[in-house]
Amino acid sequence: MKSAFHFVCLCFALAPLSQNPIAADEYLNGIKWEPPAIITVGDNGVPSDAIVLFDGTDLSSWENADNWEVEAGAMISGKGDVRTKESFGDCQLHIEWSAPTPPKGSGQGRGNSGIFLMNNYEIQVLDSYDNETYFDGQAGAIYKQTPPQVNATRPPGEWNVYDIIWTAPRFNEDGTLQSPAFITALHNGVLILNHFQLKGDTPFTRPPQYNKHADRMPIRLQDHGNPVSFRNIWIREIKDAQGEQEREPFLRNGKGEERPIESE
Ligand code: MG
């Protein structure tokens, strides 16, 4: 009795699978997509469509870098902030940093630098390994807006990796905000910011605000008086997959006959 019951249940469970999939109507969205570009990733982890901003040898991609030094494949923070010569909007940024060792100072005074997306929006770089400070100012924070979800900082002298996905803010002609900036970031492969919506820029002295700026702006690395090292910096400009809505979405049956989708 029990096995007969199970047999009946099994038949019901398998019923949808036993239908001929060819006979089922297929949904088609009517969009003609452009083929996604083919990207390869080198042994060094750099995607083939990335712009390398620092490969360990020279500072030719940076402005105001006279006082920064290149040593053992790293660029070391010196007097004055440096900015990329090129400007960027929506992007994927990979950057590695290492706090000075032995550590000196405490709180915001230990291994402080920062990565300013579009010259205005800082994701904090700080030696936050066993170093207390305000949470929305520790490593991986959007400065004065949100702490990172977790603290994944490695000890000073070791390398930290940020992988950042940046959506630029959009502005209307009259200077008002059309859409805010968003950031997603991983610190050493661990998610720390998940599509966080920025409230504006990230100054020390006033609340965040949006001020209309160009669609593309340089990346800026901060000099906060501590010799923080950076290496392996690359960036990819990003955009959504491109396609054109050629026709309304439709259904197609196994004989190739097409029919519109009826709204219910
Ligand atoms: Mg900073």
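Readers should treat all values here as calculations from the given coordinates under stated rules, not as data from a laboratory. What you see is a predicted model, and the numbers here were worked out from it, not measured in a lab. So basically every Cβ, Gly included, is an ideal-geometry build from the backbone, and we count neighbours across all protein chains shown.
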Dividing the mean separation of Cα pairs under 8 Å (6+ apart) by the residue count of segment 38-117 yields a relative contact order in percent of 17 percent
At 4 °C and 1.567 mPa s, the Stokes-Einstein diffusion coefficient in µm²/s for the chain, with hydrodynamic radius from the Kirkwood sum on alpha carbon pairs, is 60 µm²/s
Projected area averaged over all directions for the convex hull of the alpha carbon atoms of segment 110-179, nm², comes out at 5.4 nm²
To the nearest 10 degrees, the tilt of helix 2-18 (Cα long axis) against the first principal axis of the alpha carbons of the chain is 80 degrees
Residues GLU71, GLU262 in order from fewest to most other beta-carbon atoms within 10 Å are GLU262, GLU71
XL table LYS144/LYS239; LYS104/LYS199; LYS32/LYS199; LYS79/LYS239; LYS79/LYS199; LYS32/LYS255; Cα-Cα > 27 Å flagged, in table order, is LYS144/LYS239; LYS104/LYS199; LYS32/LYS199; LYS79/LYS239; LYS79/LYS199
One point scatterer per Cα, no solvent, Debye formula: log10 I(q)/I(0) for segment 86-211 at q = 0.10, 0.14, 0.17 Å⁻¹ comes out as -0.30, -0.58, -0.83
Output for segment 94-158: chymotrypsin sites (Phe, Trp or Tyr not before Pro) sitting in coil per DSSP, at most 12 other Cβ within 10 Å, listed by number, reads TYR134
With DSSP loop assignment and no more than 11 other C-beta atoms within 10 Å, the chymotrypsin sites (Phe, Trp or Tyr not before Pro) in segment 159-227 are PHE204
Ordered by fewest other Cβ atoms within 10 Å, a rough proxy for footprinting exposure, LEU93, LEU191, LEU126 read LEU191, LEU93, LEU126
Expressed as a whole-number percentage, the relative contact order of the chain with C-alpha contacts under 8 angstrom and at least six residues apart is 28 percent
Treating every alpha carbon of segment 21-110 as one equal point scatterer without solvent, the Debye formula yields log10 I(q)/I(0) values at q = 0.10, 0.15 Å⁻¹ of -0.48, -0.81
